[in-house]
Amino acid sequence: MGQKSEIDTSTLAVGRGTDADSGLTESREELVKPIKTWKGYLWDTWDLPSDQRRLLFKVDAFVLTFASIGYFLKNIDQTNINNAFLSGMKEDLSMYGNELVTSTSIWTVGYVIGQIPSNLILTRVSPRWVIPALEVGWGIATICTASVQSYRSLYALRFLVGLFESGFYPGIHYLLGSWYTPQEIGKRAMIFWLAGSIGNMFSGFLQAAAYTNLNGVHGHAGWRWLFIVDGIITIPLALLGFFFFPNLPQSGKRTWWTTEEEHILSVQRMQAIGRAGKSKWTRQKVKKLVLSWEFYLLPLLYVVWNNAVPQAGMGYWLKSFNSNPPPLPGTSFTVPEINNLPIPTTGIFVGMALVWGWLSDGPFKGLRWPFIYAGAIISLIFIVLLRQMPLYENVNDRKIVYWLSNIGMGAGPLILSWINEICSHDTEKRALLIAMANDLAYVVQAIAPNFVWATVDFPAAQKGYLFTAVLQVLTIVVCAAIQVMLRIDKKRSQTSDTSSIAQNDEVASQGDISSEKAQESKV
């Protein structure tokens, strides 16, 4: 399926100019054209030449569509364990203690273990083999979950599901960074990420449908059918991935659905923005990586952002009105209202996040940091409001605050896109730091809520809101530190370039003097 290109891709980017520097500049100007029309701001490919437009249409169709559907299914799987527990699994497997929490923790262990190795493998093995293989693995493990007869068997399968799912999210972000330019990657990373949020919402509907229509069919309980249906949907998609998922442009292997010209173009596009291909791991490379500021600050930014997102609290608040005695006599909410009233929060969040992705790629010309700052400030305002507003006064006003509370939470995919861009010069570093960011975020996310988001603290959740407020401030601080280090690196690079030019001029001058002396000696 993937064919070896016979063209030396290492020289393509600079082959368009008279020297390396001018060649790269001309290549960038030709291949990474700025957006100029309203159609280009709506979807960037409309402002690109026809050859790039055809290429990106194929990449969007086979990468973005596949990734979004896969992440949608992945998040259904992450949520379905809770829905199954509430729909009969608790009784069937005698899960009357902390077994559900334990199964979630075991899933997290598998997820944490697999992310970094999986992403590093992608720098050596084509994603079209790695990512679909992972999907087949979690699809099979999900189907097998339907047959468990004890919670101990559930533990083993949840570990495998977490292990197989681990490489998908960071791997797709690494892949997006290997195909798309700064004016293209932000909105696509956002679409991919939001597909997971939609998957979370659909899990409840899927469970309700499975329980209503399939409970008892062929002797299987409705909760077991949830895992069967999820796996049956996942495996065919994964098998299609082996045929349609692409190789990396820098690998030298042409994907079968690209022409030779399109393969060369994909390499040129990445070289024009400085996306490096693979290089050998050496002791010096590892030392340089570990001693770099990026190794610490870039994952830290994603970790603090990820854990600065408050736990969903509107449902707890609505349910608290039904307590006995009621906190506000005459006001109560039905079960459907408790389930449905929080839905606008997600809808508003998805809409705002999409706007951020489009603005970051378009009018802001690939800048990510303005949205990190804006998101932290906006989120901080709503976190303070949720913490300080009286719970049972101005009920309608508090509803509005809940609905708007997530409008600043859309910076995550832009942070990972920023890591892709900052680490363009080293593909192993890029793969590692993307995986580290998501991995460490999950580690903290698995531990911190036990201390700051205790269920008994809702709906007030004073500790939780204080915790996230502090992390929002820390997000601003870490983002500012990254900008400072980028400016320092830029100044060093400029100084180094100036010094190199001066040395070359000195060498040339000495050569001229020697030539003059040689001419004089001949005379």
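Identify the GluC sites (Glu not before Pro) of the range 391-460 meeting these criteria: DSSP loop state and at most 14 other C-beta atoms within 10 Å of the C-beta. Could you put the intermediate results ahead of the total?
Numbers: sites: E393, E421, E428; in loops: E393.
Taking the range 391-460 and a limit of 14 other Cβ atoms within 10 Å, the loop GluC sites (Glu not before Pro) found are E393.
Scan around F245 for amide H atoms under 5 Å from its own, H built in the peptide plane at 1.01 Å from N, and keep only partners 5 or more places away or cross-chain.
Result for F245 returns nothing.
Long-range amide H contacts for K253: which residues qualify at under 5 Å (H placed 1.01 Å from N, peptide plane, sequence gap of 5 or more or a different chain)?
Excluding prolines and chain starts, which carry no amide H, the hits are S5.
Which ³J(HN,Hα) values in Hz, rounded to whole numbers, follow from the phi angles of the range 296-304 under the Karplus curve 6.51 cos²θ - 1.76 cosθ + 1.60, where θ = phi - 60° and Gly and Pro get x?
With the stated coefficients, the range 296-304 comes to 9, 6, 5, x, 4, 4, 5, 5, 5 Hz.
Could you sort the peptides 136-148, 462-474 by per-residue average Cβ neighbour count (10 Å cutoff), highest mean leading?
Details: 136-148: 20.8, 462-474: 18.8.
By packing density, highest mean first, the sequence is 136-148, 462-474.
Which of the lysines could be linked to K490 by a straight reach, that is with a Cα gap under 27 Å, when you skip same-chain ones fewer than 8 residues away?
Within reach: K33, K187, K278, K280, K285, K287, K288, K365, K429.
Roughly how many whole Å is it from the C-alpha centroid of the range 329-354 to that of the range 288-322?
Result: 22 Å between the Cα centres.
When you count, for each residue, the other Cβ atoms within 10 Å and take the mean per peptide, how do 154-166, 483-495 rank with the highest first? Kindly include the intermediate steps, with their values, before the conclusion.
On the way: 154-166: 22.8, 483-495: 11.6.
Per-residue Cβ counts within 10 Å, averaged per peptide and sorted highest first, yield 154-166, 483-495.
Around A461, with a cut-off of 15 angstrom between Cβ atoms, what is the net charge of the other residues, counting Lys and Arg +1 and Asp and Glu -1? Numbers along the way, then the final one.
Values: positive: K319, R387, R398, K463; negative: D457.
Spelling it out: positives minus negatives among the neighbours equals +3.
If you average the alpha carbon positions of the range 122-197 and of the range 407-431, how far apart do those two centres end up, in angstrom?
Cα centres, the range 122-197 to the range 407-431: 18 Å.
Rg and Dmax of the chain, using alpha carbons, in Å: what are they?
Here Rg and the maximum Cα pair distance are 26.4, 113 Å.
Just to confirm, what accessible area per residue do you get for the chain at 1.4 Å probe, in whole Å²? Present the calculation step by step, with values, prior to reporting the outcome.
On the way: 24170 Å² over 523 residues.
Counting only protein heavy atoms, the per-residue value for the chain is 46 Å².
Can you tell me the orientation of helix 50-59 relative to the chain, as the angle in degrees between its alpha-carbon axis and the longest Cα principal axis, to the nearest 10?
Orientation of helix 50-59: about 40 degrees from the principal axis.
Hey, any idea what % of the chain's accessible area is carbon plus sulfur with a 1.4 Å probe?
Values: 15400 of 24170 Å².
So the carbon and sulfur contribution to the accessible surface is 64 percent.
With θ set to phi - 60° and the Karplus curve 6.51 cos²θ - 1.76 cosθ + 1.60, what are the ³J(HN,Hα) couplings of the range 417-429 in order, to the nearest whole Hz, using x for Gly and Pro?
Per-residue couplings from phi come out as 5, 5, 4, 3, 6, 5, 9, 4, 6, 9, 5, 5, 5 Hz.
What's the local net charge at I422, with K and R +1, D and E -1, over the other residues with C-beta under 12 Å away? Each step should come with its number before you reach the end.
Values: positive: R275, R368, K429, R430, K490; negative: E294, E421, D426, D489.
That sum, taken over residues with Cβ under 12 Å, equals +1.
Work out from phi, with θ = phi - 60° and the Karplus expression 6.51 cos²θ - 1.76 cosθ + 1.60, the ³J(HN,Hα) of each residue of the range 471-479, listed in order in whole Hz, and give x for Gly and Pro.
5, 5, 5, 5, 4, 4, 5, 5, 4
The values are calculated or read from the model by the stated rules, or taken from the named source; none is laboratory data. None of the values given here were measured: they were computed from a predicted structure. Note that each Cβ is placed from the backbone with ideal geometry, even for glycine, and that neighbours are counted across all protein chains shown. The accessibility values were calculated without ligands, DNA or RNA, using every heavy atom of the protein model including side chains. Shrake-Rupley method; radii C 1.70, N 1.55, O 1.52, S 1.80 Å.
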